[in-house]
Each structure stands twice: as structure tokens, then as C-alpha cells.
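All remarks here apply to the structure that follows.
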């Protein structure tokens, strides 16, 4: 005999009646002091357990009983409904399961970030025709011209020279490889590979190079980006990251979750960039070795870029120290920490790789 | 059986959830959702709602959420399929894609309404279902202006021919500046019109919703004065201006202008950027908290159901503190504090809310003819609860 108390709602009005309920040994349910049709425990619906919330028993005539008597309800379920079918609740209550779940979660996210998303980006890109890359790159240069670029100051015949050099390095494919020159004080010495196989060199980079072999090395690196279709991959991996973060944070109903969404996306994207830079380096390295070029030249120009970046940083720090005093010291350390998350300037590792190949 | 009390009775809402309890539910939801590539999300939503509803009580009875996860899954699957179709079309057939987007835009009021009706239909208290009396015509009159406003704001550059492409292609500079000034005046006009009309629009929106909520056969009604909305947004404007000025002066102190222009490398350190980001965001977070708190108090204090009234008195200071500490906790714990912050918020909201009744609460269930078995299946398909 199972006995418990609850509140009875007949479903026709909002009246709430405190009742005693008993279930006899054959499973027939009886509500005391209340007339109702004969009902068997096997025919009632019992809401699955969720946390410690009250259970709702639904009778066939549409009425419901709300009760906090979890033990008795569980006993009823065991005897007349084959036990509690709620796997979810058992998982939620089980501390060990929760710890396992946490580890599983972290593991899955780790795997997705390090293998899943990159693999997806690569495979998806391989399935798409290069015309998609071309349409992606369509307006990018025009928009960059609006914001970052000024017309190049390099004389026309020198530009022709460099264009001929570029043409000699281009692989034999159907893509329409072009090289463009621009001046940019904001971006400084740099080169960009656009998805439609156009590559932009800044005047500042051209002037940094001691000789044309250095520029050839960089051209090969940028061509590598295009050959491997890195821009396309970036677009897909970015979408992948967004989706992952969206699934993780579920209903983005608060500003704090929105904030949390943006930070990992930012860090992850720069992390992927580093992999792509390494890949472009690999292409350049192999091409240079194949053509009998001096890979040390690439190491040289990267060193120059690194030295200049460090010099600029030193000047900034110097200025801050003069105007602010010693508080800027810790900020310098934070900056070094944040450099981990930046895809430029070139790392020691990349420079070493090209140095070693030259020997 | 029912006694008549001469004095009104005050029933405090209570929330019994615990962070630790909910954490287990939350994490299992998360893991199963990821493993099933999102399919479990429908069950996760039902379990979450059941947890929060079930832990909220008033006058001795809990709320319950009775939606069938399978229906929610169906709704979500439809939404995802539509999204894929749209993405596909955008790449390979842009004009068709634009058409679909417009259709989606026009359907938003209907979908939103359906979502609301679904949620109401499957919420219940003391075995009486809530409901929402849809009036699709009026909903469109209400929501379509908003959709059109947004479309105008987004499409304005194209309409005035000042997208980057158009500007690059333009030959006559006089033409260009005429177009730009036309666009600027239009945008200015749109912004001002929007700011002036929004409080009024919002009042009509909440009145539309509030007057159509049902509990069984009982109708809710809401009494909203337009001037309260204008007062709210005026105060919000003043707050955001004041705080923004403060943030501006603080950020100037942080960002030093190098004395020598030649050394200006252009990019401040990442750390400074982060601090600036937080500084400029805070006025908006504070003002959002202000708006949300004031609105919630306004709405719940003025809604009635027959002779049942409600009280809602959230304190702004406490809400800002809650939002702030929640945000910090979530960032520091990389998201693990989400369940804790949700429970905290729910508890405070319940604590500050009460129901005032005259005598027993007598609500009759909706007539049995309202919901026929077959008809329910049909309308449920359109009552998509897609997580709005």
C-alpha cells in the first residue's frame, strides 16, 4: 500500500484541493474524499523527474495531482510502470556522470577545434570549384582601397620588373594570378593574398627587401596561400567556430554570453591563421628548393620584418615609460602574452626553418 | 467551500531551484546536444523550461511546461532546412535568395506569434493551460512597420546610390555629394522618427500581447500609459549620454597620443583595446539593465486577470549588480557559471513578484470545444517554437 499527499486539480477550474492518495496492492489508485472513476496506476502519466520539482500525475479524466512525494511516486513507477524511464534524470543526478560529461565536453571541443573544424574546412574547400574563391575575392581589393590603401609610389618600370618576376613564379594553373602594388601607412610592410589569386604588396615591404630574391620568396609564400585556397578555408572555419560557439551557448539571451562568444572566436581565428602561414611557408620552401633558390633570403626578410616590429614596439614602450613612468612595465609583459594570439610578426620557428634548409 | 475574504491576499512567488541541481541538468543538456549534433536541443529546451517552471510556485502550486519535444524538434528542423536553402540560393541564385529573404522577413510576425502561442499553450498552472488569442491581422499591423523600418535602414545606401561600388563608378562629384546629403538627411530623418515613435510602438506592442494572454477562460488585461514609455526612454537616453561622457574621458586618459607623429604606429596594445572595449560597452550595459528592469516592473505591475492583480518591484541597483557579477563569473569560468547566474536571476525575479487576489482564485478552463484533437495537430505545426 502506497500512501502520499498532494494537490488535486480537476482541470475544469483552478481550484486546488489538498488530498490523500493511496494505491492498493493491485495498483488501483484511490483519492480520499473525492469521487472519481476507478483508475489503475498503470494508466496514469507521471511526469519524468527533473531536479527536485514536484511531480505531476495525470489521470485519464484529465485531472492532475501535484505532489512532492518523490519516494512514493518512484515506488509506484517501479511497481506498476516498469521503473523510472528517465535516463536524462539519472545522468543529471549522477555526480560521476557529470564529471565524465564535463571531460567529454572539453575533449569534444578540443577535438573539434584542433581536428574537426580544420578537416572540415579543407574537405569542404576541396569540394568547391575555384570560381567560388574568385567570387569571394571580387570586391575585397576595392574595399581595402577605400580604407587602407593609397596608390603605390613605386615607379612604373620597376613595377613591370616585379610583375615579370612574379609571372615567372606563378604555377601553371587556370587561376588568374595578378600582383598589385599599394602604399599603406596603417598596414606597413606586408603582402596579402586575396582569394581571387590577386596578391597585393605594399611599398613599405618592397623597400624593406635588400634584393629581388627576397621579394621572390615572399611572392612564393603568397602564391602558396592561393594554391592552398586558404581564404576559402578561413571563411569555412570561421563559420564553423561561430556554429560551435552558438551551440555551446545555446540561447544567447544575455549580453554576457554574447561577449563570451566573441572572445574565443577571435583567439581561435588567429590560431588557425598561424597554421595557414606555416602551410604557405611549406609551399614556398619546396618551390624555392625545387628552383634552386636561396631559402636563407626568406629567413632574412622575415628577420628584417621582425626587427622592425620589435623596434616599433620598443619605441612605443620608450615613449610610454617617459610619459607614464614604471606602470607600463607590466603592460609590456601583457603585450608579449598577447603576441601569442597574433598571427604576425613572423616567429623564430619560421625563420629557423628557412635558415636550416639553406644549409 | 470558498470563503469570501474582505481583505486582499498577497501571494508571494517563490523559486526553489538550486545552482548545483541545475548545473547537472545544464551540462547533460550541453553534452547530449553536441553529441547528437543538435537533435537533443529540443529535449534540452523542454527540460530547462520544466526545471524553471516547476521550481516557480505561487499560492502553493507550481507551474508546468508540457510541450512535446518532438514538436519542437520538428519546428527547429524546418527552420534549419530553410536556412540551408537560403544559404544555398544566396551563393548560386542570388535573386532567388533575395526573394526568399523577403518572404522570410514578411513571415517573421507570423512565426513570432506562433512561437508565443505555442509557448503559452503548453504552459499551465493548476492544470489550467495558458493561451494566446492570436489576431494575425493586428499582429501584422503592429510588426510589419518594424520590419519595414529595419529594411529601409539597411537598404537605404542602395536606394540612394551610395554603396561603395556606386561611388567608385560615379563620374560627377556634384552628383555624388547630392546623393550623399540626400542619404544623410534620410538617415537622420529615419533615426529621429524611429527614436520618437519607438516608445509608442512598444506600448502598443505590449498592450497587444498583454490583452491577449489567457489562462483558461480568464482574460488578462494590461493597463499601460504611453507617457511611462517616453519617460523611460528619455531617462535611458540621459543615462547613456552621461555614462558615455564618463567613459570617453576615462579612455582619453588611457590612450596616450605619442608626441612624435613619426612614431605613431597606429595600433594600441591589445590589452588597451580590451579595456577600451569594456569601457565603451559599460554605459550600454547599464542602460540596458535600466530599461529591462523598468520595463519588467512596468509590465508585471499593470497586468491583471479579472480581479487578480500583480506586483513586481525589481530594484535597479540589485539588477545591475546581478548582471555585472553574472557576466564576470561567466567570463572567468569560461561559461561554467551560466547555470548559477540563471538560477540567481530567476530567484530574485520571483522574490520580487507577488499576486494579489480577492478571495479564492477562480479560473475556469477553456471550453472543450476550443481545442479539437485533430485541429490541435494541425495548428501545432504552425505553432513553431523555434527558440525565439
TODO: Those residues that are touching a helix residue (DSSP H, G or I) at 6+ places or on another chain (Cβ under 7 Å) and assigned to a loop (DSSP other than H, G, I, E, B), I need them from the stretch A:145-171; list them, please.
DONE: A:152, A:153, A:154, A:170, A:171
Open item on the list: Which of the numbered conditions does residue B:171 fail, given that it passes all the others? Conditions: (1) farther than 30 Å from residue A:140 by Cβ; (2) modelled with pLDDT under 80.
Closed with: (1)
TODO: Just one of (1) without any contact (Cβ under 8 Å) to a residue 60 or more places away in the chain; (2) under 22 Å from the mean Cα position of the chain (by Cα); (3) within 14 Å of chain A (Cβ to nearest Cβ) trips up residue B:107, so point out which.
DONE: (3)
Task: Tally of residues being closer than 28 Å to residue A:306 by Cβ, modelled with pLDDT of 85 or more and assigned to a loop (DSSP other than H, G, I, E, B) across the stretch A:172-193 - done: 1
Task: Segments classed as strands (runs of 3 or more DSSP E), wholly inside the stretch A:1-108, with at least 2 members that are buried (at least 16 other Cβ atoms within 10 Å of the Cβ), touching a strand residue (DSSP E or B) at 6+ places or on another chain (Cβ under 8 Å) and within 14 Å of another protein chain (Cβ to nearest Cβ) - done: A:2-9, A:55-58, A:64-67
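For residues that are within 11 Å of chain B (Cβ to nearest Cβ) and surrounded by 13 or more Cβ atoms within 10 Å (Cβ to Cβ), scanning just the stretch A:145-161, find the one that is farthest from residue A:199 (Cα to Cα). Give the derivation first.
Kept after step one, since they are within 11 Å of chain B (Cβ to nearest Cβ), are these residues of the stretch A:145-161: A:145-148.
Still in the list and also surrounded by 13 or more Cβ atoms within 10 Å (Cβ to Cβ): A:145, A:148.
Values: A:145: 14, A:148: 15 Å.
Among them, the one singled out is A:148.
State which residue is farthest from the other protein chains (Cβ to nearest Cβ) when the search covers only the stretch B:49-64 and only residues that are under 12 Å from residue B:21 (Cβ atoms) and either in contact with a helix residue (DSSP H, G or I) (Cβ under 7 Å, 6 or more places away or on another chain) or surrounded by fewer than 21 Cβ atoms within 10 Å (Cβ to Cβ) (or both).
Of all residues in the stretch B:49-64, those under 12 Å from residue B:21 (Cβ atoms) come to B:51-52, B:54-55.
Next cut, either in contact with a helix residue (DSSP H, G or I) (Cβ under 7 Å, 6 or more places away or on another chain) or surrounded by fewer than 21 Cβ atoms within 10 Å (Cβ to Cβ) (or both) only: B:51-52.
Details: B:51: 5, B:52: 9 Å.
The extreme case among them is B:52.
Could you pull out the residue among A:311, A:315 that is over 23 Å from residue A:123 (Cβ atoms), facing another protein chain (nearest Cβ under 9 Å), surrounded by fewer than 17 Cβ atoms within 10 Å (Cβ to Cβ) and at pLDDT 75 or above? So that I can check it myself, show each step before the final result.
Details: A:311 fails: facing another protein chain (nearest Cβ under 9 Å).
Going through A:311, A:315 in turn, just one is over 23 Å from residue A:123 (Cβ atoms), facing another protein chain (nearest Cβ under 9 Å), surrounded by fewer than 17 Cβ atoms within 10 Å (Cβ to Cβ) and at pLDDT 75 or above: A:315.
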Open item on the list: Condition first: surrounded by fewer than 19 Cβ atoms within 10 Å (Cβ to Cβ) and either part of a loop (DSSP other than H, G, I, E, B) or away from every other protein chain (no Cβ under 14 Å) (or both). Can you find one or more residues in the stretch B:113-128 that meet it?
Closed with: no
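Looking only at the stretch A:78-92, count how many residues are in contact (Cβ under 8 Å) with a residue 40 or more places away in the chain and over 18 Å from residue B:62 (Cβ atoms). Outline the logic, then answer.
Quick first cut of the stretch A:78-92, residues in contact (Cβ under 8 Å) with a residue 40 or more places away in the chain only: A:79-81, A:88-89, A:92.
If we keep only those that are over 18 Å from residue B:62 (Cβ atoms) as well, we get A:79-81, A:88, A:92.
Residues that pass the stated criteria total 5.
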Open item on the list: Pull out all pairs, ordered by first then second residue, where Cβ-Cβ is under 6 Å, the residues are six or more apart or on different chains, the first lies in the stretch B:299-323 and is within 13 Å of chain A (Cβ to nearest Cβ), and the second is in a helix (DSSP H, G or I) and crowded, with 19+ Cβ neighbours inside 10 Å.
Closed with: B:319/B:289; B:319/B:293; B:320/B:289; B:323/B:289
TODO: Say whether the condition of being free of Cβ contacts under 8 Å to residues at least 60 places away in the same chain and over 25 Å from residue B:63 (Cβ atoms) is met by at least one residue in the stretch A:55-77.
DONE: no
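The values are calculated or read from the model by the stated rules, or taken from the named source; none is laboratory data. All of these numbers come straight from a predicted model, not from anything done at the bench. So basically every Cβ, Gly included, is an ideal-geometry build from the backbone, and we count neighbours across all protein chains shown.
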